[in-house]
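The values are calculated or read from the model by the stated rules, or taken from the named source; none is laboratory data. Since the model is a prediction, treat every value here as computed from it, not as a measurement. Neighbour counts are summed over all protein chains in view; Cβ atoms, including those assigned to glycine, are modelled from backbone coordinates with ideal geometry. Ligands, DNA and RNA are excluded from the accessible area calculation, which covers all protein heavy atoms including side chains. Shrake-Rupley method; radii C 1.70, N 1.55, O 1.52, S 1.80 Å.
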Amino acid sequence: MWDYSETVKDHFYNPRNAGALDDANATGDVGSISCGDALRLTLKVDPETEIIQDAGFQTFGCGSAIASSSALTEMVKGKTLDEALAISNQDIADFLEGLPPEKMHCSVMGREALQAAVANYRGEEWADDHEEGALICKCFAVDAVMIEDTIRANSLKTVEQVTHYTKAGGSCSSCHEGIEEILTKVLAETGEAFDPETPITIDPAEVKPAVKKGKLTTVQRILKIEQVIAEIRPQIQADRGDIELVDVEDKKVYVKLTGACSGCQMATATLGGVQQRIIEELGEFIQVLPAELQAA
Amino acid sequence: MTKGIYLDNNATTMVDKQVVDEMIPYFTEQFGNPSSMHQFGDKVGRAMKTARAQVQALIGAEHESEIVFTSCGTESDSTAILSALKAQPQRNEIITTVVEHPAVLSLCEFLEKDGYTVHYLKVDKKGRLDLEEYKKLLGPKTAIVSIMWANNETGTLFPVLEMAELAHAAGVMFHTDAVQAVGKIPMDLKKTKIDMLSLSGHKLHAPKGIGVLYLKRGTRYRPLLRGGHQERGRRAGTENAASIIGLGLACDMAKKHMEYENSCVKAMRDRLEEGLLEAVPNCFVTGDPDNRLPNTLNIAFEFVEGEAILMLLNKQGIAASSGSACTSGSLEPSHVMRAMDIPFTAAHGSIRFSFSRYNVMDEVEEVIKAVPPIIEKLRKLSPYWSNGAPVENPEAAFAPTYS
Ligand SMILES: Cc1ncc(COP(=O)(O)O)c(C=O)c1O
């Protein structure tokens with residue numbers, strides 16, 4: 001059974017705005033081929049103000065698809081079209097207090113239905129710009145398309161590099177076989193063969209100086225931790241969140257996650273990634289914890 | 001936990017209370033290693049011998065020594081297929097079907113990467129095989145044929161007895177994954193040409209984590225796990241004595257209930273089928289209804305999605321399972337439904353109800369009452385459904401842009 005949040009369950013068992021609106025003037029029909037889900041979103045838009053006065057949905061799909069559709073209708077009501085378009089799939093997931101990584105595509109389907117409905121209202125053709133690949137790394141929710149693109153863009157050769165760039169494979173190891181298959185496929189495009197024995201050479205410029213064991217001063221340590229967090233930050237900000245160093249107590253590093261990241265399913269995964277990077281940088285084991293856990 | 005109605009017995013079964021009681025002393029009193037020379041284990045060897053005879057009786061094996069205890073059905077499947085390849089290095093082809101359990105399919109896909117050729121027999125819309133196609137594939141390069149006896153999703157039975165004869169005539173080894181069939185339909189292996197058979201304890205009211213590989217005397221064999229001399233060196237590792245003893249008793253009980261399974265359990269399944277088909281419009285039975293396990297009903301509810309059905313059933317304490325993509329982590333719709341060419345608007349709404357002898361007819365009537373409103377509720381949400389009927393020409397009326 002999926003571990004759905006109470007909000008997901010509530011929106012599934014008691015869907016809001018179910019059914020098509022009779023007096024709709026905007027309709028968006030989208031589907032996610034990867035799991036066969038489909039959604040029709042109908043909106044009633046005030047032509048004067050472009051405010052969405054009412055919304056209705058019809059969904060063929062699983063519990064989280066129905067919950068995402070229901071959440072979406074609640075979120076868009078009362079907003080102008082432009083305000084509504086600013087809603088990201090992460091916003092939908094956050095509204096639902098998170099979705100399992102395998103189910104994030106349900107929130108993507110919601111956002112796309114919205115774009116399609118607005119395009120329909122404005123008499124435009126909506127074309128889907130987003131390609132969804134099979135989910136490879138379940139720990140960090142990384143799909144095949146993302147891995148392929150990253151391999152091509154950075155000429156990656158090894159599983160370790162893929163993990164370094166995308167996080168995929170950085171936790172339970174079960175997807176290493178899948179990542180190797182993708183590497184084999186992508187490398188073959190340029191006539192190269194994937195060699196599992198390729199030594200781990202990350203771009204020379206990036207190779208870190210060997211860490212001098214244990215002899216960092218407290219200030220040096222904190223500076224290094226700050227530096228790692230600064231490097232990771234743009235990635236988190238791209239996901240509409242933020243991270244901030246709060247305190248360092250011996251082996252415990254306390255950080256504050258804000259915005260889209262706080263409370264989201266991925267928060268734990270994000271902290272895991274940050275921890276990994278700090279461990280690499282300091283050459284010692286530390287634990288990254290949310291600031292809320294720090295004893296007062 | 002509230003009692004609930006458990007109709008997911010093809011996934012796993014409750015361990016019979018008598019089986020548990022039988023096992024307990026082997027954890028705390030007779031816990032000795034059966035190979036040891038002292039009082040803590042002296043009864044274990046004898047009890048395991050009884051268990052072996054009980055398994056032998058259920059499947060009709062000729063010799064007790066043909067029973068090899070393993071850790072699960074998956075291990076038995078892997079052992080059988082890998083053994084056939086290792087023992088016959090000059091043969092590099094496997095024949096199986098597209099609807100096997102992942103225990104066989106994933107292994108075969110993996111072996112393909114290693115250079116083996118795997119022939120996957122297709123099925124028709126009722127999930128049946130084409131034996132003419134099969135006959136043509138049997139040849140001097142075939143190392144093993146592995147065909148499931150009963151399908152776990154639809155309960156459809158394959159003609160394994162006849163297929164084993166054909167393999168034998170062609171000089172090819174035959175394995176069957178009978179994890180779903182053992183204990184539900186009678187079998188007498190000594191009268192068949194089946195060389196190897198897999199079974200799993202947790203499908204017949206024994207614990208999880210115990211299985212058997214039946215290995216017909218004279219079959220060429222290579223162990224998967226090497227080490228100690230347990231199971232005559234055919235499967236090393238200290239025996240899971242308590243579970244073996246539990247499985248023995250479970251097999252004995254299954255044999256005694258075989259008649260009941262094929263009359264009373266079947267009657268409950270048939271009543272559920274009849275009740276649901278009558279009460280719910282736009283649904284149909286998948287697989288081959290005339291040729292299936294007595295306990296399994298797989299029914300596809302069109303225009304609704306399985307996970308949503310299961311969540312609403314679960315809320316009323318009813319447990320079943322689905323071939324929908326969304327209930328598996330993979331997002332792939334069931335390969336069995338796809339192989340039978342079930343349209344995706346129906347495949348996603350396929351629900352499997354699987355019974356055991358612990359179900360009662362009252363539960364069936366409760367499920368017949370519970371299901372129709374659930375389907376109706378979900379259809380009201382479905383873009384393929386309007387005013388109590390499917391939209392006309394659903395594929396055209398609702399043609400979403402897919403990503
Ligand atoms: C047909 C079939 N084969 C193999 C298995 C795997 O058995 P086990 O869970 O004991 O490994 C199952 C059960 O899930 C099954 O239904």
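Worth a mention:
- Cα centroid of the stretch B:1-59 to Cα centroid of the stretch B:115-129, whole Å: 37 Å
- One Cα centroid belongs to the stretch A:111-169, the other to the stretch A:42-76; the line between them spans 24 Å.
- Charge tally for residue B:42 (other residues, Cβ to Cβ under 15 Å; Lys, Arg +1; Asp, Glu -1): +1.
- Residue-normalised accessible area of the protein assembly as shown, given per residue in Å² at a 1.4 Å probe: 44 Å²
- Summarising the label geometry, the points placed 7 Å from Cα in the beta-carbon direction at residue A:291 and residue B:401 lie 4.1 nm from one another.
- Figure legend: label point modelled 7 angstrom from the Cα of residue B:369 along Cα→Cβ; residues of the stretch B:260-287 with amide N under 20 Å from it are B:268-281.
- Paramagnetic reach from residue A:25 (point 7 Å along Cα→Cβ, amide N under 11 Å) across the stretch A:71-104: none
- For the stretch B:288-379, the set of chymotrypsin sites (Phe, Trp or Tyr not before Pro) satisfying both a DSSP loop assignment and a count of at most 13 other C-beta atoms within 10 Å is given as B:358.
- Selected from B:67, B:36, B:94, residue furthest toward positive end of dipole (the stretch B:36-115; charges at beta carbon): B:36
- Cross-link check: pairs B:184/B:369; B:184/B:256; A:79/B:377; B:126/B:377 evaluated at a Cα-Cα cut-off of 18 Å; pairs beyond the cut-off: B:184/B:369; A:79/B:377; B:126/B:377.
- The relative contact order of chain A comes to 13 percent, based on Cα pairs under 8 Å that sit 6 or more residues apart.
- Cα gyration tensor, chain B - rounded (a/c under 1.5), prolate or oblate: oblate
- Gyration tensor verdict on the protein assembly as shown (Cα atoms; rounded if a/c is under 1.5, prolate if a/b is larger than b/c, oblate otherwise): oblate
- The C-alpha radius of gyration of chain A, expressed as a fraction of 2.2 N^0.38 Å, stands at 1.16.
- Other residues with beta-carbon under 11 Å from the beta-carbon of residue A:244 carry, at +1 per Lys or Arg and -1 per Asp or Glu, a net charge of -1.
- Between residue A:188 and residue B:24, the distance separating the two model label sites (each 7 Å from Cα on the Cα→Cβ line) works out to 5.8 nm.
- Relative contact order for the stretch B:258-386, counting Cα pairs under 8 Å that sit 6 or more residues apart, in percent: 32 percent
- Carbon plus sulfur fraction of accessible area for the stretch A:218-293, probe 1.4 Å, in percent: 50 percent
- Cα convex hull of the stretch B:17-256, projected area averaged across orientations, nm²: 12.8 nm²
- Measuring nothing but protein heavy atoms, the accessible surface of the stretch A:1-60 at 1.4 Å probe radius is 44 percent carbon and sulfur.
- Cα long-axis angle, helix A:144-154 against chain A (0 to 90 degrees, to the nearest 10): 50 degrees
- With θ taken as phi - 60° and the Karplus curve 6.51 cos²θ - 1.76 cosθ + 1.60 applied, the whole-hertz 3J(HN,Hα) list for the stretch B:259-271 is 5, 4, 4, 8, 10, 6, 5, 4, 4, 5, 4, 5, 5 Hz, x standing for glycine and proline.
- Model label zone, residue B:362; criterion: amide N under 19 Å from point 7 Å along Cα-to-beta-carbon; scope the stretch B:292-321: B:316-319
- Efficiency of FRET from Cβ geometry, residue A:48 and residue A:85, R₀ 25 Å, rounded to 0.05: 0.85
- Dipole magnitude of the protein assembly as shown about its Cα centre (Cβ charges: Lys, Arg +1; Asp, Glu -1), debye to nearest 20: 3140 debye
- Only helical runs count toward this figure. For the protein assembly as shown, summing -39,500 (n - 2.57) over DSSP H runs of n ≥ 4 and dividing by all residues gives -11500 deg cm²/dmol at 222 nm.
- Percent accessible area from carbon and sulfur atoms, chain B, protein chains only, probe 1.4 Å: 54 percent
- DSSP-defined antiparallel bridges as percent of all bridges, the protein assembly as shown, nearest 5: 65 percent
- Shielded residues, the stretch B:340-375 - accessible-area loss of 20 Å² or more between chain alone and all protein chains, probe 1.4 Å: B:344, B:348
- Here each label is just a point 7 Å from Cα along the line to Cβ, and for residue A:230 and residue A:242 those points are 1.7 nm apart.
- Order by protection proxy (mean Cβ within 10 Å, highest first), peptides B:196-204, B:54-62: B:196-204, B:54-62
- Computed from backbone phi with θ = phi - 60° and the Karplus coefficients 6.51, -1.76 and 1.60, the 3J(HN,Hα) list for the stretch B:183-191 is x, 9, 10, x, 8, 9, 4, 5, 8 Hz; x is used for glycine and proline.
- Cα shape, the stretch A:1-130, gyration tensor, a/c 1.5 rule: prolate
- Residue-wise HN-Hα couplings along the stretch B:31-39, as the Karplus relation 6.51 cos²θ - 1.76 cosθ + 1.60 with θ = phi - 60° gives them from phi, are 8, x, 6, x, 7, 7, 9, 8, 5 Hz; Gly and Pro carry x.
- If R0 equals 25 Å, the separation of the Cβ atoms of residue B:170 and residue B:65 corresponds to a calculated FRET efficiency of about 0.40.
- Net charge of neighbours whose Cβ lies under 15 Å from the Cβ of residue B:89, counting Lys and Arg as +1 and Asp and Glu as -1: +3
- Chains A and B together, accessible area buried on both sides, 1.4 angstrom probe, square angstrom: 2900 Å²
- Delta accessible area of at least 40 Å² on complex formation, residues of the stretch B:379-393, 1.4 Å probe, chain isolated as reference: B:381, B:383
- Once C-alpha pairs closer than 8 Å and six or more residues apart are averaged by separation and normalised to the residue number of chain B, the relative contact order reads 21 percent.
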